[in-house]
1. Show the residue pairs meeting these rules: Cβ distance below 6 Å; 6+ apart or different chains; first residue within the stretch 110-133 and over 21 Å from Pro144 (Cβ atoms) and modelled with pLDDT under 80; second residue hydrophobic (A, V, I, L, M, F, W, C) and not in a loop (DSSP other than H, G, I, E, B).
2. Do we find that Phe299 is buried (at least 18 other Cβ atoms within 10 Å of the Cβ) and not aliphatic (A, V, I, L, M) in this structure?
3. Only one of (1) surrounded by fewer than 15 Cβ atoms within 10 Å (Cβ to Cβ); (2) under 25 Å from Leu395 (Cα atoms); (3) at pLDDT below 85 is not met by Lys536, so which one is it?
4. Evaluate the following for Ala248: is it more than 21 Å from the chain's Cα centre (by Cα), crowded, with 20+ Cβ neighbours inside 10 Å and within 25 Å of His47 (Cβ to Cβ)?
5. Contact list please: Cβ distance under 7 Å, first residue in the stretch 537-551 and free of Cβ contacts under 8 Å to residues at least 24 places away in the same chain, second residue part of a helix (DSSP H, G or I), pairs at least six apart or on different chains.
6. Of the residues Ser200, Ser228, which is at pLDDT 80 or above and either in the same structural domain as Ala136 (by TED's automatic domain parsing) or not basic (Lys, Arg) (or both)?
Amino acid sequence: MKVKEKLKYLPDKPGCYLMKDKNNTVIYVGKAKNLKSRVRSYFVGAHNIKTTKLVSEIKDFELVITNSEQESLILELNLIKEYRPKYNVVFMDDKTYPYIEITKTTPPEIKVVRTKNVKGRLFGPYPNVRSARETARLLQLLFPMERVEPIPNFYEEIGNQIESDISNNYQKQVQVITKFLKGDIKEVVDALKEAMNKYSSLMMYERAAVIRDQLEHIQKTTEKQIISLNDYKDRDVIGYANNDDDIAIQILFMRSGKIIDQHQRVFSYVGDPQTFLLNYLNQFYQGHFPDEILFDNTFNIEHLIDFKGAFIPKKGDKRKIVVLATKNAKHDLENYYNLYRNKHEKTMEALEQLKDLLNLDSLNLIETFDNSQLFGTAPISAMVVYENGNFNKKLYRKFHLKTTTNDDYQSLREVIYRRYQRVLIDKINKPDLILIDGGLGHLKVASDVLKELNLNILVAGLKKNKKHELESLVLLDKEIPIKEYNDVYNLLFKISEEVHRYAITFHRNVRNKVAYRSVLDDVEGLGKVRKQRLLKEFKNLEEIKNASEEALQEIGIPISVIKNLKEVLNK
């Protein structure tokens, strides 16, 4: 059924939608409170460049209806993780900020964790990993809570001074620890200072120095603030700025009433910027929120029901902090455009221009080969991959050539056959364009191999002059003087230099291994350990050759290997 036909029958219910391309691949996943209005919005009106490109690739879509918008949010997260669509930002990597957990065990334990899937009470997240570990360690020393094997320490005395008669009362200890982790650190700091002065007066200087260092660490941690609010609350402050193409997100982390760190990202976005931002935040928090989240007054509080503790300040210090976050986001957006966007746009324009020059429908994947270093010993070839405007080093490949040493054409024939036979067998995505470092002769060889494999992939040669400068792009039926197209020239030059660098590095490594190869490597049964014994016992190969079987057996060389060794050395 055509997309236009499906749009007529969209349900007026919450759910998720999966946009698919011509290959039935999921390229975008979204959620909606009302699927009818959301999905239809993609196909009417004007959009930014990325949304327009998304819509141009949509050939079908699927829906999953849910009972509520909250259900659609959870489903959306699962679908994005499952399909990793190219138009969805992969919002979170494996790295997460640490938390401090007070477990519900008896006795309770204080732990630093990086997962939110725990049963105990969590405090954080703490952007500073060292701070989290130091804080947890301090609390463990102050309040050991009757470990099975108690560790004698002077911190425990300090803990008893902070709150007397709590050594056997876990509930009271947890209350004191919770108070500290929520930001009321005055009691602990005062107790540490008092103990430091006491030990110093008793000339227990090492012990006083340990406490001094602990106080300095606490001081350094609390100094990392921009603005303070005297309510000891954990809150995040959300700021954002956007233009037609990109959105900058700035989150200020306020812990115990003080801003101690920030989280910033800039993305190109699809659809409505506020909807995109809220989707990002839902994936960022995954249901675990600080005491309060401050939003700008451009939001409607009714749209923030997914965020526990969401608040839109109208005036006062909280409003000033939101303005600060927004100001930072605007700065990030401006810098991103100046530093990256222009460069990225030029790359995209160059790819579009190259696509038009070669009369291709798409140009998302380019594979480039260099066989210029295949003469003499250690024949090799190398392939680099340029995907969606960037080099994808995970897809680079190296080839030890088996059928030639000095024939450049045969080298190319072998590597093209091996690569694209593997593409067919493993059902790897075929490139839109193959580039080879060479002229018409190389081009004909590569094209013949692809024809033998029944593959219809355009091949072009990067022809260079005597100074090894890129001169033209060679096709079977024509030659394009590439210097006339400045952006395309720069793009192809960059690709050519990268594949040349990769091939040279690989060739040198292989050549060095050959250069350091020993005749002992040809002896069957003579492994690394036995070779080391021989080289340690005898000065050179001549001594090994003249050594008796008994002498060789004494250092652990079996008789069968000795026969192989003598045979190789006598040759």
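The values are calculated or read from the model by the stated rules, or taken from the named source; none is laboratory data. All values derive from a computational prediction rather than experimental measurement. Using ideal geometry, Cβ is built from the backbone for each residue, glycine included, and neighbour counts are taken over all protein chains shown.
1. Gly124/Ile100; Tyr126/Ala132; Pro127/Phe253
2. no
3. The number of the failed condition is (2).
4. Numbers: more than 21 Å from the chain's Cα centre (by Cα): no; crowded, with 20+ Cβ neighbours inside 10 Å: yes; within 25 Å of His47 (Cβ to Cβ): yes.
Judged against the criteria, Ala248 is not a match.
5. Partner pairs satisfying both residue conditions: Phe538/Ile544; Glu549/Ile559; Glu549/Ile562.
6. Ser200
The rows are residues; the columns are (1) modelled with pLDDT under 85; (2) surrounded by fewer than 15 Cβ atoms within 10 Å (Cβ to Cβ); (3) not aromatic (Phe, Trp, Tyr).
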| residue | (1), (2), (3) |
| --- | --- |
| Asn34 | no, no, yes |
| Val39 | no, no, yes |
| Val44 | no, yes, yes |
| Thr51 | no, no, yes |
| Asp93 | yes, yes, yes |
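Residue by residue, here is whether (1) within 28 Å of the chain's Cα centre (by Cα); (2) crowded, with 17+ Cβ neighbours inside 10 Å; (3) within 30 Å of Asn24 (Cα to Cα); (4) not charged (D, E, K, R) holds:
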| site | (1), (2), (3), (4) |
| --- | --- |
| Phe399 | yes, yes, no, yes |
| Val415 | no, yes, no, yes |
| Glu471 | no, yes, no, no |
| Val474 | no, yes, no, yes |
